1. Name the long-range amide H neighbours of L28: under 5 Å, sequence gap of 5 or more, or other chain; modelled H, no Pro or chain starts.
2. For every other residue with a beta carbon closer than 15 angstrom to the beta carbon of R49, add +1 if it is Lys or Arg and -1 if Asp or Glu, then tell me the sum.
3. For K17, give me every one of the lysines with a C-alpha distance below 24 angstrom, ignoring sequence neighbours fewer than eight places off in its own chain.
4. Could you compute the net charge surrounding G40? Neighbours are other residues with a C-beta less than 13 Å from the C-beta of G40; K and R count +1, D and E count -1.
5. Applying the Karplus parametrisation 6.51 cos²θ - 1.76 cosθ + 1.60 with θ = phi - 60° to the phi angles of region 107-117, what ³J(HN,Hα) value in whole Hz is obtained for each residue in order, glycine and proline being reported as x?
6. Can you tell me the length gained on complete extension of the stretch Q78 to H46, counting 0.36 nm per residue apart and subtracting the Cα distance?
7. Once you keep just the Cα pairs under 8 angstrom separated by 6 or more residues, what percentage relative contact order results for the chain?
8. Taking a cut-off of 19 Å between Cα atoms, list the aspartates and glutamates near K13, but don't count ones fewer than 8 places away on the same chain.
Amino acid sequence: MTAHTLLLMRHGKSDWKAATVDDFSRPLAKRGERNSRRIGQWLAGHALRPDIFITSPAARTLRTATLVCKALDVPPGQIVQDERLYLAGSATLLEVIRHLPAGAHMAMLFGHNPGLEELLAKLLGDAVPRPADGKLMPTAALAQLRFAGGWQRQDAGLVRLTNLLRARSLESS
């Protein structure tokens, strides 16, 4: 069975000063826009171009996905919005992953915390990295996971973290 790669990205920094009244409509801050582009450029530079892009439809998450896809020269029309990803917990995220198309060998999901951190902890168990600041998935963070047994096999030992990247670490580039 062919290994699959899952890229998990938390949305970029949101603009808490925006005049929007609800969480769902909150836009990205300038820093969130910049860091989302950086992650997209990093993916392009490492020849990581997913077969499918799925995002929470929240404004900040959809904008993050759009900026990443632009850096990868992927039309925004190829981004799938899935309302289940808005503030989803790990159980919902696992269900979305289980139903990814078998032909998609690389998929990218854009979502929110705490769900993304819970998902990593569930998939990686004791192998989950513990950063000094305690933030596993700060805004515009990217986790690259390898699923040895395909999307349906999420057992311990079959999923491995191959990269955990913070957009902040790319600021000098």
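1. HN-HN under 5 Å from L28: D15.
2. -1
3. Once the sequence-local lysines are set aside, what remains near K17 is K30, K135.
4. Neighbourhood net charge equals +4.
5. Per residue, the Karplus-derived 3J(HN,Hα) values read 10, 10, 10, 10, x, 10, 9, x, x, 5, 5 Hz.
6. Working: separation 32, 0.36 × 32 = 11.52 nm, distance 2.05 nm.
So the chain would gain 9.5 nm between Q78 and H46.
7. On the way: 348 pairs, mean separation 54.8, N = 173.
Here the relative contact order equals 32 percent.
8. By straight Cα distance, K13 reaches D22, D23, E33, E117, D133, E171.
Quick note: the coordinates plus some simple rules give every number you see, no bench work behind them. Just so it is clear, the model here is predicted, and its values are computed rather than measured. Backbone-built Cβ (ideal geometry, glycine too); neighbour counts: all protein chains shown.
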